[in-house]
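**Student:** Here's a structure for you.
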Amino acid sequence: MSDPNNEELELVELTPAQQKRRRNRNIAIAVTLGVLVVIFYAVTMLKIGANIVNRAM
Amino acid sequence: MSTINQATNTNASDKAEFSDADALDFWQLMKPRVMSLVVFTALVGMVIAPGTIHPFVGAVALLCIALGGGASGALNMWYDADIDAIMTRTKNRPIPAGRISAGEALGFGSILAFGSVSMLGVLVSWPAAALLAFTIFFYVVIYTMWLKRTTPQNIVIGGAAGAFPPMIGWAAVTGTVTIESIVLFLIVFMWTPPHFWALALVKSEDYRKAGVPMLPVSAGHDETRKQILLYSLIFVPICLLPLLLGFAGYAYAAIAGAGGIAFLWLALNVYRIREGEAADRASWRLFGYSIFYLFAIFATLLVEHLVALPLFTGVDMTALINGAGL
């Protein structure tokens, strides 16, 4: 039996079309995450921001 | 650019390891046209609800409701991929067309469902989030998995899923369910059967091939035409309930009234004209007009509340309930 660790990994080349689609998916995920960060930050500020500013010192 | 291929042999199944989907395919998976109607009716529910909501929080609520609707669409397409592949209307959807795998759709829909409900609860309102969760459950499990393939009443009961969004919008502002939001629910709920049966009359052969027991397939075209007319006769008066309850005005009375008469006329045409291309045309007309009518009455409610037009006095429900000794 051959040692599986010494087996050469088989590589698959993505076609340009597949690369383009993967890039589009990655951009969509990045934009979504960015929008979520903005939304959670903004709503947190809206809901509790005033309480922080006006807290008893 | 290369990627490690985990399989030792290269064959067609290896292709499944790489997503061929574009971001736009995931967008299509969310049924954007249905989503737009969901967002619009939810917006109306939010605007006419008593109380206030910060515009940004309101926009977040709408986004969550839209994503919840998209989750329902994606999970529906995951489960229905087999029958979607058979029907001409749906065979180009991302899964039957081979652009997205069923597993990807399931994962995408599940994440969206969990994410949209959690986000609506944490950022806006837990009662609204609970309603959204129930809506997704109702559409995916009750309608898609159970009713759709087993009963000709599938879209009558399943239509509830599409009727919840204005109620969710209302709950996002008030945190409650009231008689007014139930009326908004009823309008969309009673609109669904004549709307979908008009389409099913034209596409009945598709449904028959796919084994979906839509009313024209299981009970015949004549019975469907009768049911369309009966449901239309109930639907149009229900559209006038906002006047009775005092959350609609004169513009609404004119549009819902005149438009309702036109709706009944088109439903009557579907009932009367039963042969040839004229029958198909009558069904298409009712299908198209039903979308326009629903949009028109909700848009009128929206405008009346946004520009503060005078509303009808309506019936004092509290006095009515007290008077009835309830």
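The values are calculated or read from the model by the stated rules, or taken from the named source; none is laboratory data. This one's a predicted model, so the numbers in the text were calculated from it and none came from an experiment. Cβ atoms come from the backbone with ideal geometry, glycine included; neighbour counts cover every protein chain shown. These area figures cover heavy atoms from the full protein model, side chains too; ligands, DNA and RNA do not enter into them. Shrake-Rupley method; radii C 1.70, N 1.55, O 1.52, S 1.80 Å.
**Student:** Going through the range B:127-148 one residue at a time, which ones are among the polar types (S, T, N, Q) and buried (at least 23 other Cβ atoms within 10 Å of the Cβ)?
**Tutor:** Going through the range B:127-148, the residues among the polar types (S, T, N, Q) turn out to be B:135, B:144.
Result: B:Thr135, single match.
**Student:** B:Ile261 is checked against (1) exposed (fewer than 15 other Cβ atoms within 10 Å of the Cβ); (2) in contact with a Pro (Cβ under 7 Å, 6 or more places away or on another chain); (3) farther than 23 Å from B:Leu147 by Cβ and fails just one. What number does that condition carry?
**Tutor:** Failed condition: (2).
**Student:** Taking the criterion of being open to solvent by less than 60 Å² (accessible area, probe 1.4 Å), more than 29 Å from B:Asp20 (Cβ to Cβ) and at pLDDT 85 or above, would at least one residue in the range A:18-41 satisfy it?
**Tutor:** For the range A:18-41, residues open to solvent by less than 60 Å² (accessible area, probe 1.4 Å), more than 29 Å from B:Asp20 (Cβ to Cβ) and at pLDDT 85 or above: present.
**Student:** Can you work out which of the residues in the range B:19-66 that are buried (at least 19 other Cβ atoms within 10 Å of the Cβ), touching a Ser or Thr at 6+ places or on another chain (Cβ under 7 Å) and more than 10 Å from every other protein chain (Cβ to nearest Cβ) is nearest to B:Ile136 (Cα to Cα)?
**Tutor:** Among them, the one singled out is B:Gly45.
**Student:** In addition: Restricting attention to the range B:59-110, report how many residues are basic (Lys, Arg) and free of Cβ contacts under 8 Å to residues at least 60 places away in the same chain. Don't jump to the end; show me each part of the working.
**Tutor:** Of all residues in the range B:59-110, those basic (Lys, Arg) come to B:89, B:91, B:93, B:99.
Still in the list and also free of Cβ contacts under 8 Å to residues at least 60 places away in the same chain: B:91.
Qualifying residue count for the region: 1.
**Student:** Also, quick follow-up: Between residues in the range B:191-219 that are open to solvent by 10 Å² or more (accessible area, probe 1.4 Å) and residues that are assigned to a loop (DSSP other than H, G, I, E, B) and among the polar types (S, T, N, Q), which pairs lie under 8 Å by C-beta distance while being six or more apart or on different chains?
**Tutor:** Filtered contacts from the range B:191-219: B:Lys203/B:Thr88; B:Asp206/B:Thr88; B:Pro213/B:Thr150; B:Pro213/B:Thr151.
**Student:** Just checking, how many residues over the range A:8-26 are facing chain B (nearest Cβ under 7 Å), assigned to a helix (DSSP H, G or I) and hydrophobic (A, V, I, L, M, F, W, C)?
**Tutor:** 0
**Student:** I would also like to ask the following. Go through (1) modelled with pLDDT of 95 or more; (2) closer than 30 Å to B:Gly45 by Cα; (3) not basic (Lys, Arg) one by one and return the number of the condition B:Thr224 breaks.
**Tutor:** (2)
**Student:** Just the residues that are open to solvent by 20 Å² or more (accessible area, probe 1.4 Å) and not hydrophobic (A, V, I, L, M, F, W, C), please, taken from the range B:149-176.
**Tutor:** Residues satisfying the conditions are B:Arg149, B:Thr150, B:Thr151, B:Pro152, B:Gln153, B:Gly162, B:Thr174, B:Gly175, B:Thr176.
**Student:** Take residues that are within 30 Å of A:Ile48 (Cα to Cα) and tell me which of the helices (runs of 4 or more DSSP H) falling wholly in the range B:71-168 contain 1 or more. Show your work before the answer.
**Tutor:** On the way: elements: B:81-84, B:102-123, B:126-137.
By residue number, B:102-123, B:126-137.
**Student:** Working only within the range B:88-111, note down all residues that are surrounded by fewer than 24 Cβ atoms within 10 Å (Cβ to Cβ) and closer than 23 Å to B:Ala163 by Cβ.
**Tutor:** Passing the criteria: B:Arg89, B:Thr90.
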